[in-house]
Ligand code: TXA
Ligand code: MG
């Protein structure tokens, strides 16, 4: 069931109050964050968290992000907060930055897949904030899609992905950023970027005043399963072009085009989606998953994606496109 709420309301609206009651009773609620919709359960309730894995058909080796209502909650759920983590939190929380830190006992092993660390973030979306505050406990919440599929940026997309597997979908309208949070691990070896996202490498380095390493590229058994080769994928095979030169198609093929800026007039594509007519990377990121979803629904045999410039947010967009294009296992 979908219940609408005011996207800008920080107060507990009827939808949020209802959602909080469901969560406290061990239920699953999908809710908007500034990045994508999350599928939430109370993070300290191992049984409720187990239902997330079932609903998503998510492998148990893939740990979840814990969403906090305030940075003050941190001490209850993580064992230590290195100074560099504090600096990143002060600058980027609330917001789309997830930090991987040593965990405390209060976080059940099912949340972290048995890892000694826990991923934490404090979402900036007013509805997410109101919901977590109303529950009074952190929410474990992966993106509200089936495992490996496109993250949902609207309540309707959550409904398509999970339907009745979720007890309630709180509809706060389309999400603003459209791409999952940046993930940074802070260990003894220094800060490492586990997943590129809305907080860019440039911003991280500038805040810390030093280089941030990129954790080993895509691998089969990754440190962060978001680094799996294939992820965030539409059902239709997708190919990323090497350059922005789009050539006309041979006749008889039904191909969809994911264009960055303006699409070429008539190259024989059956469906065309443009990420940003003005070439704005923010707008492109916000449109990415919804555009891929529409191309997936267009009944084409292949989706061709134009590359975007790999600066700032463009890195996160290209990361998602390359993962979507990776061969199926
Ligand atoms: O923007 C987001 O981060 C969204 C919204 C809902 O907050 N959530 C999200 O969650 O993208 P999910 O589960 O789709 O991706 C979480 C990623 C996974 O790739 C997981 O492997 C990684 O976070 N992760 C979680 N805990 C980790 C840990 N302890 N160490 C390394 N990676 C971890
Ligand atoms: Mg996900």
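The figures follow:
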quantity	calculated
For the chain, calculated [θ]222 nm from helices alone, where every DSSP H run of n ≥ 4 adds -39500 (n - 2.57)	-8500 deg cm²/dmol
Footprinting exposure proxy for 37, 232, 77 (fewest neighbouring C-beta atoms within 10 Å first)	77, 232, 37
With Cα atoms, 0 to 90° folded angle of helix 281-297 axis to the chain main axis	70 degrees
Exposure proxy ranking, count of Cβ atoms within 10 Å, fewest first, for 3, 257	3, 257
10 Å-binned pair-distance histogram of the chain (Cα, whole percent)	6, 27, 35, 23, 8, 1, 0
Rounded to 10°, Cα long-axis angle of helix 14-24 versus longest principal axis of the chain	60 degrees
Euclidean distance between Cα centres, the range 9-66 to the range 140-183, Å	11 Å
Estimated D of the range 1-156 in µm² per second, where Rh is the Kirkwood radius over Cα pairs and Stokes-Einstein applies at 10 °C, 1.306 mPa s	103 µm²/s
At R0 = 22 Å, FRET efficiency that the Cβ-Cβ distance of residue 326 and residue 283 yields, to 0.05	0.30
Relative contact order (%) - the range 238-325, alpha-carbon pairs under 8 angstrom, separation at least six	38 percent
Crossing angle, helix 46-56 versus the chain [Cα axis fit, 0-90 degrees, rounded to tens]	10 degrees
Normalised per residue, the volume of the convex hull around the Cα set of the range 238-325 (Å³)	82 Å³
Counting all C-alpha pairs of the range 1-90, share separated by more than 23 Å (%)	35 percent
Förster-model FRET efficiency, 25 Å R0, residue 11 and residue 46, C-beta, rounded to 0.05	0.20
Label-point gap, in nm, between residue 261 and residue 133 - each point 7 angstrom along Cα→Cβ	4.3 nm
Choice from 64, 288, 186 with maximal GNM fluctuation in the chain (Cα, 10 Å cutoff)	186
Footprinting exposure proxy for 213, 89 (fewest neighbouring C-beta atoms within 10 Å first)	213, 89
The chain, relative contact order [Cα under 8 Å, separation at least 6], %	19 percent
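All of the numbers you see were taken from the coordinates with simple rules; none came from a lab. Bear in mind the structure is a predicted one, so any value in this text is a computation, not a measurement. All Cβ positions, glycine included, derive from the backbone under ideal geometry; neighbour counts span all protein chains shown.
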